[in-house]
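Notes follow once the structure below has been shown.
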């Protein structure tokens, strides 16, 4: 039986080989070639009709392919490098305002208003902003006073470096921080909270809380006690220069035109070659942006990049204003969205064990600034939480020509205070109207409260009679969107048993 069984296997195997051998060969081949590895002579695509001679692209197809490749790399560069260009925009804008040395600090003495173009800045805390340049100055000291609110240092790719103040290692008691480049080999003196940054340029953003709804105490705190200077000058620090930027018109936002690539080139030219991973550098290099080399695209490439940045900009705006991810929304059938999709400040999925959600990162950095774990973590009674809305309860974009009502239910889950700020979709900065502070704040504004403890906020070109204190002006012909902030968020925010109302269109 064993011999017969083995004989049968041999016979069957020979028969199977015979079947394969007898299949009709593909023309031009000895055997049948899988169709899925072949390229037809003509293929119609969105970039045009592609033609081949036996798999080899003809002259026009080669041109189309390379034009499309350069276009895709241009779009990729825009979407991937928004964080870098955004920091560069901030650096240039603050330099324009007179803040271009480590000991120079911009202070919004009377709060940030709509004159400065600043991505979703708030009217609720007193900003103190500066820039550090570790290549120019070496290790740099920041002395944070006691009582400081949330503060953060972000690097030139908008990555988190260290928190300061309330969420930082000083825990609001004040302290000396030393920011050094990651490769710094020199002596580190004692008595500092030390943070290492992978980049030379770093953005310092500090926030001071209002006292009785007023900014004077925080402004005084910064001006009298905040210090920033090179460690080399520790024995004789330069005199601090504080620039009041309230009411000043200056721009801190990256370009959405071909100029974007010039901003990116400036960042890559300045920073160490390893400040980002090689693959990202490769995307920039593919369109002619490399460290140590001029960025001088020819007319063909410049035209392609001009179109690529337009498509990249449109893509970023779609991601920000109409997210397609269900994870972007706090509630079902509601407009309220999170800027930290996935609840991670690095936008990793699967608790950091999976891929990075690239669209989530684009959403955040196209619309906002300041990257810190404290803004994404669940911290009951501490830190802050955010939600933004771009549409009314019918799903239509908010229109400055129309009037709306937003109900903020009673028992807002904010230990400290809450606010709603109105923004311009073009600049993602505060909406510019006759009101320099387009916002409502539960502490500093005399809001009218309903009998049930809720608050109705009104938005439109004209104030509703008798509700002027609850009204924020909008501009006919312009869109707008809002950001709800909760300072000291409480449990009912995180378990979603409290929910803000929707924008109701009024007659």
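The values are calculated or read from the model by the stated rules, or taken from the named source; none is laboratory data. This structure is a prediction, so every number in the text was calculated from the model and none was measured. Using ideal geometry, Cβ is built from the backbone for each residue, glycine included, and neighbour counts are taken over all protein chains shown.
Assorted remarks:
- Enumeration of residues in the range 366-382 that are in contact with a strand residue (DSSP E or B) (Cβ under 7 Å, 6 or more places away or on another chain) and within 27 Å of residue 86 (Cα to Cα): 370, 371, 372, 373, 374, 375
- In the range 147-163, residue surrounded by the most Cβ atoms within 10 Å (Cβ to Cβ) [restricted to those that are out of contact with any helix residue (DSSP H, G or I) (no Cβ under 6 Å at 6 or more places or on another chain) and within 12 Å of residue 202 (Cβ to Cβ)]: 155
- Members of the range 279-299 found to be surrounded by fewer than 16 Cβ atoms within 10 Å (Cβ to Cβ) and closer than 19 Å to residue 69 by Cα, listed by number: 279, 282, 296, 298, 299
- Candidates 237, 167, filtered to the one that is surrounded by fewer than 20 Cβ atoms within 10 Å (Cβ to Cβ), on the phi < 0 side of the Ramachandran plot, in contact with a strand residue (DSSP E or B) (Cβ under 6 Å, 6 or more places away or on another chain) and assigned to a loop (DSSP other than H, G, I, E, B): 237
- Within the range 124-146, the residues that satisfy the criterion of being over 25 Å from residue 199 (Cα atoms) and surrounded by fewer than 24 Cβ atoms within 10 Å (Cβ to Cβ) are 125, 145, 146.
- All told, residue 98 meets the bar of being surrounded by fewer than 17 Cβ atoms within 10 Å (Cβ to Cβ), within 27 Å of residue 235 (Cβ to Cβ) and either in contact with a strand residue (DSSP E or B) (Cβ under 7 Å, 6 or more places away or on another chain) or at pLDDT 95 or above (or both).
- Residues of the range 306-326 that are over 24 Å from residue 364 (Cβ atoms) and in contact (Cβ under 8 Å) with a residue 60 or more places away in the chain: 307 alone.
- Filtered by the rule that a residue be under 21 Å from the mean Cα position of the chain (by Cα) and over 23 Å from residue 447 (Cβ atoms), the range 391-423 gives a lone residue, 391.
- Only a single criterion out of (1) within 23 Å of residue 213 (Cα to Cα); (2) touching a helix residue (DSSP H, G or I) at 6+ places or on another chain (Cβ under 9 Å) is not satisfied by residue 472, namely (2).
- Residues satisfying the stated conditions in the range 400-417, i.e. touching a strand residue (DSSP E or B) at 6+ places or on another chain (Cβ under 7 Å), over 27 Å from residue 489 (Cβ atoms) and surrounded by fewer than 18 Cβ atoms within 10 Å (Cβ to Cβ): 402
- Qualifying residue in the range 350-358 (condition: surrounded by 18 or more Cβ atoms within 10 Å (Cβ to Cβ), farther than 19 Å from residue 155 by Cα and at pLDDT below 85): no
- When 212, 183 are screened for being modelled with pLDDT under 95 and surrounded by fewer than 17 Cβ atoms within 10 Å (Cβ to Cβ), only 212 passes.
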